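**Student:** Encoded as structure tokens, here's the structure I'll be asking about.
The values are calculated or read from the model by the stated rules, or taken from the named source; none is laboratory data. Here the structure is a predicted model, which means the values were calculated and not measured. Cβ placement follows ideal geometry from the backbone for every residue including glycine, while neighbour counts extend to all protein chains displayed. For accessibility, only protein heavy atoms count, side chains too; no ligands or nucleic acids. Shrake-Rupley method; radii C 1.70, N 1.55, O 1.52, S 1.80 Å.
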Amino acid sequence: MNLLSVNNLMRIGREKPLFSGVTFGLDAGDKVALIGRNGTGKSTLLNTIAGVLQPDEGTIVINKEAGVSFLPQDVTFNAEDTIRQHIFKSDSPKLSLIRQYEEICDRMQNGITDAVQKQFDEISALMEQKDLWNYETQVASILSELGIHDMDRRMGELSGGMLKKVALAQVLVEDTKLLLLDEPTNHLDITTIAWLQDYLAQTERSVLMVTHDRYFLDAVCNHIYELFRGNVKLYVGNY
């Protein structure tokens, strides 16, 4: 199944096009790296595909049934938001219900009243009705692997490494089939990089990422696009 189609894409830089005539696609299960020298426009291309920037020419079509999640190179956040608010900021009904379930579970640790128990029972019934227990388990596993436990901490209190982990969690928990990742290993410790490498290599989700980590790229990707002289060239296989 085709998830992404990019056709004749162009984006103007300060004096001339960063890239033009860029055409390629991603199918289900593709793990693709976008490489090139610094300044060639890799991040700009990824931001354009993600819809953060608008192309000067060309079209981008993302399969509506797939959905897309984007991890930018620089994390943007509201310093007053809690980790929970940032991670579950998606408008996905599934994630909204899981957020409510997590909040109730936290409240129950401070004591169980009749009102809290009633809310827990109602949300648990909805989780069962919508068959979300496996999804909730996956979300909990991602948060645990990334070392995210205190969901009530403010984003403005976090170190650079923890900010990257929270931003990564926000992308990975979303119920989408296409991941766009810009330098996903930046600011991560070795243990987290190893876990992320395994996750991306094994997931059924498709991946398009920019990375300078050649070992990481080699372990995850099965296709490479090189952005060179304003266009892309496909290489089948890893680095």
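**Student:** What pairs come up if the first residue lies in the stretch 2-20 and is on the phi > 0 side of the Ramachandran plot, the second is surrounded by fewer than 20 Cβ atoms within 10 Å (Cβ to Cβ) and polar (S, T, N, Q), and their beta carbons are under 7 Å apart, counting only those six or more places apart or on different chains?
**Tutor:** Hits for this filter: 8/23.
**Student:** For the structure I just gave you, tell me whether residue 84 is in a strand (DSSP E or B), farther than 24 Å from residue 185 by Cβ and charged (D, E, K, R).
**Tutor:** Considered against the rule, which asks whether it is in a strand (DSSP E or B), farther than 24 Å from residue 185 by Cβ and charged (D, E, K, R), residue 84 comes out as no.
**Student:** Taking residue 188 as meeting all but one of (1) surrounded by 16 or more Cβ atoms within 10 Å (Cβ to Cβ); (2) in contact (Cβ under 8 Å) with a residue 40 or more places away in the chain; (3) in contact with a Gly (Cβ under 8 Å, 6 or more places away or on another chain), write down the number of the exception.
**Tutor:** So residue 188 meets the others, but not (2).
**Student:** Can you name the condition, by its number, that residue 187 falls short on among (1) modelled with pLDDT under 95; (2) at negative phi?
**Tutor:** (2)
**Student:** When only residues in the stretch 32-55 that are in a helix (DSSP H, G or I) and among the polar types (S, T, N, Q) count, which is farthest from residue 205 (Cα to Cα)?
**Tutor:** 44
**Student:** So if I check each of 25, 29, 58, which one is touching a residue at least 24 places away in the same chain (Cβ under 8 Å), in a strand (DSSP E or B) and more than 24 Å from residue 186 (Cβ to Cβ)?
**Tutor:** On the way: 25 fails: touching a residue at least 24 places away in the same chain (Cβ under 8 Å); 29 fails: in a strand (DSSP E or B).
Answer to the selection: 58.
**Student:** Here's another thing I want to ask about it. For the stretch 133-166, enumerate the residues that are outside any helix (DSSP H, G or I) and under 20 Å from the mean Cα position of the chain (by Cα).
**Tutor:** Selection gives 146, 147, 148, 149, 151, 158, 159.
**Student:** Shifting gears a bit: Residue check, residue 121 against (1) touching a residue at least 12 places away in the same chain (Cβ under 8 Å); (2) open to solvent by 30 Å² or more (accessible area, probe 1.4 Å), all met but one. Which one?
**Tutor:** Only one criterion is unmet by residue 121, namely (1).
**Student:** Can you pull out every residue in the stretch 2-12 that is closer than 14 Å to residue 230 by Cα and either of a type in the set (A, V, I, L, M) or surrounded by fewer than 13 Cβ atoms within 10 Å (Cβ to Cβ) (or both)?
**Tutor:** 8, 9, 10, 12
**Student:** Go through the residues of the stretch 147-158 one by one and say whether even a single one is surrounded by fewer than 18 Cβ atoms within 10 Å (Cβ to Cβ) and free of Cβ contacts under 8 Å to residues at least 40 places away in the same chain.
**Tutor:** yes
**Student:** Answer yes or no as to whether residue 110 is open to solvent by 60 Å² or more (accessible area, probe 1.4 Å) and more than 30 Å from residue 188 (Cβ to Cβ).
**Tutor:** Yes; evaluated as a whole, the condition is true for this residue.
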